[in-house]
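A short write-up of the structure that comes next.
The values are calculated or read from the model by the stated rules, or taken from the named source; none is laboratory data. Given the structure is predicted, the values throughout are model-derived calculations rather than measurements. As a convention, Cβ positions derive from the backbone with ideal geometry for all residues, glycine included, and neighbour counts pool all protein chains shown.
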Amino acid sequence: MAFSVVLQDEARTVCRLVLFREVENAGPLRKLILAGQVEASLIQPQMVVAPFQVAVAANRAVRAQALGKMATRSLYTEVIFNLSTKKNIMNALKTFGMGEEDKEVLAVVLGTEEEVEDKVTKITQQINGKVVDTSELADLTQEARVQELYKVTPEELKVGSLLEAVVSRMACRDFLTL
Amino acid sequence: MVAVPNLNKKRRMDRQLVTQGAEGRVYVGDWLNHSVIIKQRFSKKYRHVDLDTHITQERIKAEARALTRCRSLGIRTPAVYDPYESSEVILIDFGLSSVEERAEDKAVDLYVLERAVLSTHPNTEAFVSCCISAYKKAGSNAAEDVVKRLDEVRTRGRKKIPQKPCTSTP
């Protein structure tokens, strides 16, 4: 059901993605996030091409945390920030983070295997929606919007996938303007 | 791609050495469940460590930048996944690249290309000459300047070669 990957950090952090549809309480959820009650990154699945894109963002986030070099205040906002190619944090959270009226949410949970199990249980209780297989992400991705947002060129899509284009830009954010 | 000396001593199960050159090593390995190429640059012990780190990091960034820019123009280069650890997809050495727009640099690049083709393939003088003409035709004014500079570049250095005019239209 859920997508799971072990990140490349020393601690071998587990990263799990859970996809929710028919979400009814995005508004209240945002309040919970602001109150620090949510132990997950809540992302707009429309902006995600594939789980790998999120895994790369999460990988970078845990590494920054281990080095004490996060740009944002929490690991969960850091993951969302890493999806962006711009250095403005608020902008990134607004573009990629769950919105007030969203009906679909991709939850990203990080920790040890046990911690992740607990956090998934918790977030599933907090979100008023239906858990679906992460493979349904493919139905939700808005490729045209992603392409526009990441400024992917048509030439580039001839030599590689949209996923590769997106991940390259994410990875090189700090020193590349395209 | 920061040179990580420890890596030499510890045998990692998730990567395998493919080749080694003067500047570093290339591995193939698993990264976030993807198969990737990892390019790791050596640290140069003869440099001061701060300077070495700085130079290496600048080269890594330049390479990643060049590869990604080429990709956006439709040139088939590997996608860069992670330039900060010794885990990323880099296959071509662009470490000495820059994005200056000077005619001099472009002329030198053309010259290097010209000499490379001439030295590796016999009887290609006419071909090279036609390539230059095609370049001039495709690039208009800026290209004219570059080719003019190229003529100057050719007069420099030892081992000059005589120029044959282009006999066919591109």
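A:GLU155 - would you say it is within 18 Å of the chain's Cα centre (by Cα), charged (D, E, K, R) and over 29 Å from A:MET70 (Cβ atoms)? Answer is no for this residue.
For every residue, the table says whether it meets (1) assigned by TED's automatic domain parsing to the domain that holds B:GLU23; (2) modelled with pLDDT of 85 or more.
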{"site": "B:ASP52", "(1), (2)": "yes, yes"}
{"site": "B:TYR84", "(1), (2)": "no, no"}
{"site": "B:ASP93", "(1), (2)": "no, no"}
{"site": "B:SER97", "(1), (2)": "no, no"}
{"site": "B:ALA107", "(1), (2)": "no, yes"}
{"site": "B:VAL117", "(1), (2)": "no, yes"}
{"site": "B:GLU125", "(1), (2)": "no, yes"}
{"site": "B:ILE132", "(1), (2)": "no, yes"}
{"site": "B:ALA138", "(1), (2)": "no, no"}
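Against the condition modelled with pLDDT under 95, surrounded by fewer than 21 Cβ atoms within 10 Å (Cβ to Cβ) and of a type in the set (A, V, I, L, M), how does A:MET1 come out, does it pass? It is true that A:MET1 is modelled with pLDDT under 95, surrounded by fewer than 21 Cβ atoms within 10 Å (Cβ to Cβ) and of a type in the set (A, V, I, L, M). What pairs come out if I take residues in region B:4-21 that are modelled with pLDDT of 85 or more and pair them with residues that are part of a loop (DSSP other than H, G, I, E, B) whose C-beta lies under 9 Å away, six or more apart or interchain? Here the result reads B:GLY21/B:ASP93, each pair linking region B:4-21 to a residue that is part of a loop (DSSP other than H, G, I, E, B).
For region A:139-156, the set of residues classified as in a helix (DSSP H, G or I), more than 8 Å from every other protein chain (Cβ to nearest Cβ) and either touching a residue at least 24 places away in the same chain (Cβ under 8 Å) or surrounded by 17 or more Cβ atoms within 10 Å (Cβ to Cβ) (or both) consists of A:LEU140, A:GLU143, A:ARG145, A:VAL146, A:GLN147, A:LEU149, listed by residue number. If you go through region B:32-76 and pick out every residue that is without any contact (Cβ under 8 Å) to a residue 24 or more places away in the chain and among the β-branched types (Val, Ile, Thr), you end up with 4.
Sort through B:LYS61, B:LYS39, B:LYS45 and tell me the only one that's in the same structural domain as B:ARG25 (by TED's automatic domain parsing), within 22 Å of A:ARG63 (Cα to Cα), out of contact with any Cys (no Cβ under 6 Å at 6 or more places or on another chain) and not in a helix (DSSP H, G or I).
Only one candidate qualifies: B:LYS39.
Check A:GLU100 against each of (1) of a type outside the set (Gly, Ala, Ser); (2) within 14 Å of chain B (Cβ to nearest Cβ); (3) over 23 Å from A:GLN8 (Cα atoms); (4) surrounded by fewer than 19 Cβ atoms within 10 Å (Cβ to Cβ) and name the one condition it does not meet. Failing condition for A:GLU100: (2). Checking A:ALA61, A:ALA55, A:ALA11, A:ALA40 one by one, the residue that is surrounded by fewer than 22 Cβ atoms within 10 Å (Cβ to Cβ) and of a type in the set (A, V, I, L, M) is A:ALA11 and no other.
Being over 21 Å from A:VAL146 (Cβ atoms) and surrounded by fewer than 19 Cβ atoms within 10 Å (Cβ to Cβ) narrows it down to one of A:LEU67, A:LEU29, so name that one.
Of A:LEU67, A:LEU29, the one residue that is over 21 Å from A:VAL146 (Cβ atoms) and surrounded by fewer than 19 Cβ atoms within 10 Å (Cβ to Cβ) is A:LEU67.
A:PHE20 falls short on exactly one of the conditions (1) part of a loop (DSSP other than H, G, I, E, B); (2) away from chain B (no Cβ under 14 Å); (3) not hydroxyl-bearing (Ser, Thr, Tyr), and that condition is (1).
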